[in-house]
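S.K.: What follows is a single structure, and I will ask about it in a moment.
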Amino acid sequence: MGSATSSMAAKFAFFPPDPPSYSIYVDVSTGKMRMSDVVHQREDVDVLKLSTKRGNEIVAMYVKNPSASMTVLYSHGNAADLGQMYHIFTELSLHLGVNLMGYDYSGYGQSSGKASEQDTYADVEAAYKCLEETYGVKEEDIILYGQSVGSGPTLELAIRLPRLRAVILHSPILSGLRVMYPVKRTFWFDIYKNIDKIPLVNCPVLVIHGTEDEVVDFSHGKQLWELCKEKYEPLWLKGGNHCNLELYPEYLKHLRKFITAVEKLPRLQFESGEISEQSENSSSATEQKSRASTDYREKSRLSIGQREKSRPSTDNREKSRTSTDKREKSRRSMDRSGKARNSTDQSERARNSFDRLGDMVRSVGLCNVDCLKQTALEA
């Protein structure tokens, strides 16, 4: 029973376009790798082949934005490949002001191998390593974006990156089995156990889901958001289904708001296994060191007399209260920073970008099995 159910879940999860929507060739004049069947080749897009630790070679694309401070690593849905996502990725990079890397899972597009849960984990890890090693992107400047089934590799990577800037989940799943059956517990043979991983993510999380999603019920996104440690204002698109959320003007607007907010968050330093906010100037850094020194002397003094025993527990409560206050202030500042924008020019640019992105989304079934059922039947 377990093996059969796992197989059914895998069939839901992996539905690569057949045949692939693109092929790869080398441009003789530049020596750069290119995708065929792309109408407008762009110089700001790198096409790469990456080796994974499971022995597959996957195709990735990196869109450069010279004004970007953040980089989005995008794991797409189960019925798309990079040929279909190419123009959407370039538009998102432009209008969100980010660098963006997308990749095809093993067995998708021109990537070798066959898709499986463990292969997709190796695939996203290879894409992340490429960002670090080839492009010099730091962990704290990366936002992971998972769409539909892509929420699986996204959360698997997120729980292993303690300095990650943020996570975006677009029509995410609680787990593969829960898409088909409303089970109340996690079984060993289930795939993409996002419900168990989301509480382990320490960075801000944005969840986007359509209320009329016919493939992954809206309850999946809602429950994942409720389980987040660092919740950001979710985007519940009324009437939205599994494949058309990019058509809503609120989609791009809310993404921009979120990215602007997380850009303004203080960077985190990790020293001796502990997290501390990076000092903005030398005087505050000196003050922190002085306070640490004073605390150390105070702890030494406490060990001398028994009459001081009650003070450590008081200090702990105070530290806990201070930590809670800091988290609350950080959360409020994120909300405030997201509200502080809008001009006539920006509104006009946003309106144009919605139209262009909407046209692209209409031209390709983006993300789910149902999107390509008709295409498959015709083929």
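S.K.: Of the residues that sit in the stretch 164-201 and are part of a strand (DSSP E or B) and among the aliphatic types (A, V, I, L, M), which one is nearest to Ser116 (Cα to Cα)?
M.R.: It comes out as Leu169.
S.K.: What's the number of the only condition in (1) on the phi > 0 side of the Ramachandran plot; (2) in contact with a Lys or Arg (Cβ under 9 Å, 6 or more places away or on another chain) that Ile142 fails to meet?
M.R.: Ile142 satisfies all of (1) on the phi > 0 side of the Ramachandran plot; (2) in contact with a Lys or Arg (Cβ under 9 Å, 6 or more places away or on another chain) except (1).
S.K.: Pairs, please: C-beta under 6 Å, at least 6 apart or cross-chain, first residue closer than 24 Å to Gly240 by Cα and in the stretch 200-215, second of a type in the set (Asp, Glu) and not in a loop (DSSP other than H, G, I, E, B)?
M.R.: So the pair list comes out as Pro204/Glu230; Val215/Asp370.
S.K.: Sticking with this structure for a sec: Given the criterion of a type outside the set (Phe, Trp, Tyr), surrounded by 21 or more Cβ atoms within 10 Å (Cβ to Cβ) and within 18 Å of Val167 (Cα to Cα), identify the matching residue among Leu227, Leu206, Leu200.
M.R.: The unique qualifying residue is Leu206.
Every number in this text was worked out from the coordinates using simple rules, so none of it is lab data. The structure presented is a predicted model; accordingly, all values stated were derived computationally and were not measured. Every residue, glycine as well, gets a Cβ built from its backbone with ideal geometry; the counts of neighbours run over all protein chains shown.
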